[in-house]
Amino acid sequence: MYCPFCNNNDTKVLESRVIDDSLRRRRSCQSCDQRFTTYERAEFNLKVQKKDGRIQDFDLEKIKRSIKPAYGKVDEQIVKSLAMRVHKKILNKKVNPIKTIHIGGFILQELKKEDKMAYLRYAMVYKEIEDPRKLEKEIQAMR
C-alpha cells in the first residue's frame, strides 16, 4: 500500500477491524511516520437477468428499496440486515447472471422467517396476487 503523503510503498498495518461489509485498516508509513486509514471491500461483478431478458448490474439498493414498502415504517438496520442475507444467498447460488425470479424468491424466504405481514405484502406484488382467493391460498400455505 502506498503512503498518500510521501508515496512510499513501505507501510505497516497497525490494526484491522471488520466494519459492516468492509475491512478497516489503520496504517503507518515506515518512511514519513504518517498514519492513515484504508478500507477494503470485496467487489463482485454480479449481473441480474430481468424477466424480459435484459442484463443489468446487481444493485443491493434495489433490493432494499423493494423490501421497504413491505415493512412499512421500520428501522433501516432491519432492511439492511435482510438485504445482506439475500445477497449472501445470491452469492452462494454461484450463478451469474442471476434471474430476478430467484432474487424475489430469496427475499420471500427471508421475509417469511422475519415478518409474516411483510411477507404477504411483498408476495402480493411479487406474485401479482389480485384475487382474494389466491391471497387466501397464500395465507393458508404460510400456516
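Brief remarks follow.
- Of all residues in segment 57-73, those that are under 17 Å from Lys116 (Cα atoms), free of Cβ contacts under 8 Å to residues at least 24 places away in the same chain and surrounded by 12 or more Cβ atoms within 10 Å (Cβ to Cβ) total 1.
- Any chance Asn9 is assigned by TED's automatic domain parsing to the domain that holds Glu138, part of a loop (DSSP other than H, G, I, E, B) and surrounded by fewer than 17 Cβ atoms within 10 Å (Cβ to Cβ): no
- Residue list for segment 1-45, filter: in contact with a strand residue (DSSP E or B) (Cβ under 7 Å, 6 or more places away or on another chain), modelled with pLDDT under 90 and among the hydrophobic types (A, V, I, L, M, F, W, C): Met1
- A Cβ distance below 8 Å, combined with a sequence gap of six or more or placement on separate chains, defines the contacts here; from segment 36-54, residues that are over 19 Å from Tyr126 (Cβ atoms) reach residues that are of a type in the set (Phe, Trp, Tyr) in the pairs Phe36/Phe5; Phe44/Phe58; Leu46/Phe58; Lys47/Phe58.
- If the condition is being touching a Ser or Thr at 6+ places or on another chain (Cβ under 7 Å), among the hydrophobic types (A, V, I, L, M, F, W, C) and closer than 13 Å to Thr38 by Cα, then segment 1-20 contributes Met1, Cys3, Leu14.
- Residue that is surrounded by the fewest Cβ atoms within 10 Å (Cβ to Cβ), among those in segment 85-143 that are over 21 Å from the mean Cα position of the chain (by Cα) and closer than 16 Å to Lys51 by Cβ: Glu128
- Considering segment 32-56, and only residues there that are of a type in the set (A, V, I, L, M, F, W, C) and over 10 Å from Pro97 (Cα atoms), the residue that is surrounded by the fewest Cβ atoms within 10 Å (Cβ to Cβ) turns out to be Ala42.
- Residues (under 25 Å from the mean Cα position of the chain (by Cα) and among the polar types (S, T, N, Q)) located in segment 11-59: Ser16, Ser22, Thr37, Thr38, Asn45, Gln49, Gln56
- Residues of segment 21-79 classified as in contact with a Ser or Thr (Cβ under 9 Å, 6 or more places away or on another chain), of a type in the set (A, V, I, L, M, F, W, C) and not in a loop (DSSP other than H, G, I, E, B), total: 4
The values are calculated or read from the model by the stated rules, or taken from the named source; none is laboratory data. It should be emphasised that the depicted structure is a prediction, and the values quoted were computed from it without experimental measurement. Positions of Cβ are generated from backbone atoms using ideal geometry, with glycine treated the same way; all protein chains shown enter the neighbour counts.
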